[in-house]
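Since the structure comes first, as structure tokens, the remarks are kept for the end.
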């Protein structure tokens, strides 16, 4: 294949999609697999199911996309066949994607006898194929899923993500999933340059689409936690132009002042600044109650799995030690919710007292709190201090 030079991941996705559409149309299982993954551009595969041989009929039926099905007797008949005839491997020996679909077909039967027959059937060829050089790492991972299910360990990122998005084996740990997504993008580019099978490329296009829906492929504009902290810390640069007029700027106009008088004003300001960058931003997110406590997240960025906890220091009555205590309590409440137990937490303090001499010590204290990943302190513009 001619090397593909596409820095844009979406252009690469479109290229691969066209490629698999062109190569799958004449193959009943490949076209069915595309339809199963939601990648077909037409109404679905077109072929006469009844004329297919036993193996492709069982595999396609396992995808669950047709009204057609196979009987338990037919499944048992397939599972009773040897892997070779006169030393010639049968079609399924090197076709892990088809065998995976047969696994699903067998599972649909909900029959312990068929489950045992499937294990015996795959034991005649799958382990040998996986241990040799016949399969690439992705195919070996599919083979591991077929053989071991929940206990399988995967070398690729694509396969566990595929299983996650098909709800076959969820990757519940968010940081682990983010790591897999980063690796997957590298795998996608590498396979586009090689001779990957149509089924594998179809799988990769599907995973790419699911990742895009999940977290916009990577956090918006490729942001990391450090990028977010850097952005928040530079907010004072923009505050130099914060509107606080002593007299009207135009003839007859009243002077305008934009006061920031409480915590939710700061929260709204951050939403305005971050919303255009993180289109998945959420505010006032209610968590699971903890006893009589009903914790609520100020701002949440799903694509970074990061909570922003907003604090407001109006005057010296609110001490820095008291603020540190509040932040520690909030963090512990967030961790009590299973969905956010591994979320990163950034504390953002708006200080109206201009106590800049205290900020370094405050940040040092906040960052010692277990589970706090960043602390930003911004002083209100000096013009606000009348």
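Step by step: first the residues of segment 67-83, then only those that are over 19 Å from residue 33 (Cβ atoms) and exposed (fewer than 12 other Cβ atoms within 10 Å of the Cβ), then the one that is nearest to the chain's Cα centre (by Cα). Which residue is that? Of everything passing the filter in segment 67-83, 71 is nearest to the chain's Cα centre (by Cα).
Does residue 259 satisfy the condition of being part of a loop (DSSP other than H, G, I, E, B), in the same structural domain as residue 282 (by TED's automatic domain parsing) and either closer than 30 Å to residue 21 by Cβ or in contact with a strand residue (DSSP E or B) (Cβ under 9 Å, 6 or more places away or on another chain) (or both)? Give the steps one after another, and end with the answer.
Details: part of a loop (DSSP other than H, G, I, E, B): yes; in the same structural domain as residue 282 (by TED's automatic domain parsing): yes; either closer than 30 Å to residue 21 by Cβ or in contact with a strand residue (DSSP E or B) (Cβ under 9 Å, 6 or more places away or on another chain) (or both): yes.
Here the answer is yes, as residue 259 does meet what is asked.
When restricted to residues that are surrounded by 18 or more Cβ atoms within 10 Å (Cβ to Cβ) and in contact (Cβ under 8 Å) with a residue 40 or more places away in the chain, segment 40-66 contains 8. For the condition touching a helix residue (DSSP H, G or I) at 6+ places or on another chain (Cβ under 7 Å) and more than 17 Å from residue 380 (Cα to Cα), residue 280 qualifies.
Suppose we filter 92, 104 for residues that are under 30 Å from the mean Cα position of the chain (by Cα) and within 28 Å of residue 167 (Cα to Cα); which single one remains? Steps first, please.
Working: 92 fails: under 30 Å from the mean Cα position of the chain (by Cα).
Result: 104 is the single residue among 92, 104 that is under 30 Å from the mean Cα position of the chain (by Cα) and within 28 Å of residue 167 (Cα to Cα).
Residues of segment 375-386 that are within 35 Å of the chain's Cα centre (by Cα) and either surrounded by fewer than 21 Cβ atoms within 10 Å (Cβ to Cβ) or part of a helix (DSSP H, G or I) (or both): 378 alone.
Go through segment 313-371 and report how many residues are crowded, with 20+ Cβ neighbours inside 10 Å, at pLDDT 90 or above, under 24 Å from residue 234 (Cβ atoms) and within 24 Å of the chain's Cα centre (by Cα). Counting residues in segment 313-371 that are crowded, with 20+ Cβ neighbours inside 10 Å, at pLDDT 90 or above, under 24 Å from residue 234 (Cβ atoms) and within 24 Å of the chain's Cα centre (by Cα) gives 2.
Could you give me the residue pairs with C-beta distances under 8 Å whose first residue belongs to segment 144-156 and is in contact (Cβ under 8 Å) with a residue 40 or more places away in the chain, whose second residue is surrounded by 10 or more Cβ atoms within 10 Å (Cβ to Cβ) and not in a helix (DSSP H, G or I) wherever it lies, and which are 6+ apart or on separate chains? Qualifying pairs under 8 Å: 145/152; 145/154; 145/168; 145/169. The helices (runs of 4 or more DSSP H) located wholly in segment 95-192 that include 1 or more residues which are under 27 Å from residue 305 (Cβ atoms) and touching a helix residue (DSSP H, G or I) at 6+ places or on another chain (Cβ under 8 Å) occupy 137-148, 158-165, 174-192.
The values are calculated or read from the model by the stated rules, or taken from the named source; none is laboratory data. Please read these numbers as outputs of a predicted model, since none were measured by experiment. For neighbour counting, all protein chains shown are included, and Cβ atoms are generated from backbone atoms with ideal geometry for every residue, glycine included.
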